[in-house]
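Chemist: Before I ask anything, let me first share the structure, which is written out below as structure tokens.
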Amino acid sequence: MDKVPLTVKGADTLRDELDELKNVVRPRIITAISEAREHGDLKENAEYHAAREQQSFTEGRIADIEGKLSNAQIIDVTAIDAGGKVIFGATVEIENLDSEDVVIYQIVGVDEADIKEGRISVNSPIARSLIGKEVEDVVTVNAPGGDKEFEILSIKYI
């Protein structure tokens with residue numbers, strides 16, 4: 001299976017969630033199932049069925065996170081000499097040349113992307129257009145609303 005790029009922060013976030021699920025949520029669900037069993041008939045026991053459903057969701061999420069971490073290529077952007085180019089993990093300040101709006105994006109893995117937090121997927125049209133470019137380069141992004149031009153104002157590796 002192909003390795004999936006992940007930032008150090010993204011990997012830490014997934015590890016923290018996995019730890020929470022395994023050491024806090026899972027034991028709580030096991031206790032809830034045990035208590036629900038004590039109430040008798042399991043066929044009509046809503047508490048039991050709800051706890052089992054929650055257990056199923058939690059075990060699925062644990063498996064999902066473990067799979068993502070096992071296939072992750074964790075990239076520490078601070079340890080890479082990018083030569084002033086935009087690379088995975090870089091934080092890029094760009095200006096829309098039409099509207100003069102300035103935005104800052106960090107290029108991250110698919111699972112880390114959160115546009116509200118300024119993190120865009122490495123597979124997004126903007127990120128694909130920026131990769132390999134330098135400060136003052138103008139890039140054209142094929143966006144759903146038409147082509148947009150951006151100028152790279154700064155690149156940070158944090």
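Chemist: Just to verify a result, which residue in the stretch 59-87, among those that are among the β-branched types (V, I, T) and part of a loop (DSSP other than H, G, I, E, B), is farthest from the chain's Cα centre (by Cα)? Step through it out loud before you land on a result.
Modeler: As a first pass, look at the stretch 59-87 and keep what is among the β-branched types (V, I, T): 62, 65, 74-75, 77-78, 80, 86-87.
Checking the rest, the ones that are also part of a loop (DSSP other than H, G, I, E, B) come to 80, 86-87.
Numbers: I80: 21, V86: 19, I87: 17 Å.
It comes out as I80.
Chemist: So E112 fits all but one of (1) of a type in the set (D, E); (2) surrounded by fewer than 18 Cβ atoms within 10 Å (Cβ to Cβ); (3) within 17 Å of T7 (Cβ to Cβ); (4) touching a residue at least 60 places away in the same chain (Cβ under 8 Å); what number is the exception?
Modeler: Unmet condition: (2).
Chemist: Moving on. How many residues does the stretch 38-64 contain that are surrounded by 11 or more Cβ atoms within 10 Å (Cβ to Cβ) and either closer than 28 Å to E17 by Cα or of a type in the set (V, I, T) (or both)? Spell out how you get there, then give the answer.
Modeler: At the first step, the residues of the stretch 38-64 found to be surrounded by 11 or more Cβ atoms within 10 Å (Cβ to Cβ) are 39, 42, 45, 47-59, 61-62, 64.
Add one more test, that the residue is either closer than 28 Å to E17 by Cα or of a type in the set (V, I, T) (or both), and what stays is 47-59, 61-62, 64.
So the answer is 16.
Chemist: Which count do you get for residues in the stretch 1-40 that are outside any helix (DSSP H, G or I), without any contact (Cβ under 8 Å) to a residue 60 or more places away in the chain and in contact with a helix residue (DSSP H, G or I) (Cβ under 8 Å, 6 or more places away or on another chain)?
Modeler: 1
Chemist: Now a separate question. Name the pairs whose Cβ atoms lie under 7 Å apart, with the first residue in the stretch 122-135 and surrounded by fewer than 18 Cβ atoms within 10 Å (Cβ to Cβ), the second not hydrophobic (A, V, I, L, M, F, W, C), and 6 or more positions between them or separate chains?
Modeler: P125/N142; G132/K85; E134/G84; E134/K85; V135/G84; V135/S154
Chemist: Now a separate question. Of the residues that make up the stretch 41-56, is at least one at pLDDT below 95, over 25 Å from the mean Cα position of the chain (by Cα), outside any helix (DSSP H, G or I) and at positive phi?
Modeler: Looking for residues that are at pLDDT below 95, over 25 Å from the mean Cα position of the chain (by Cα), outside any helix (DSSP H, G or I) and at positive phi, one finds none in the stretch 41-56, hence no.
Chemist: Let me ask something additional. Does S154 satisfy being among the polar types (S, T, N, Q) and without any contact (Cβ under 8 Å) to a residue 40 or more places away in the chain?
Modeler: In short, no.
The values are calculated or read from the model by the stated rules, or taken from the named source; none is laboratory data. Computed from a predicted model, the values in this text were never measured in an experiment. Here Cβ is always computed from backbone atoms with ideal geometry, including for glycine, and neighbour counts include all displayed protein chains.
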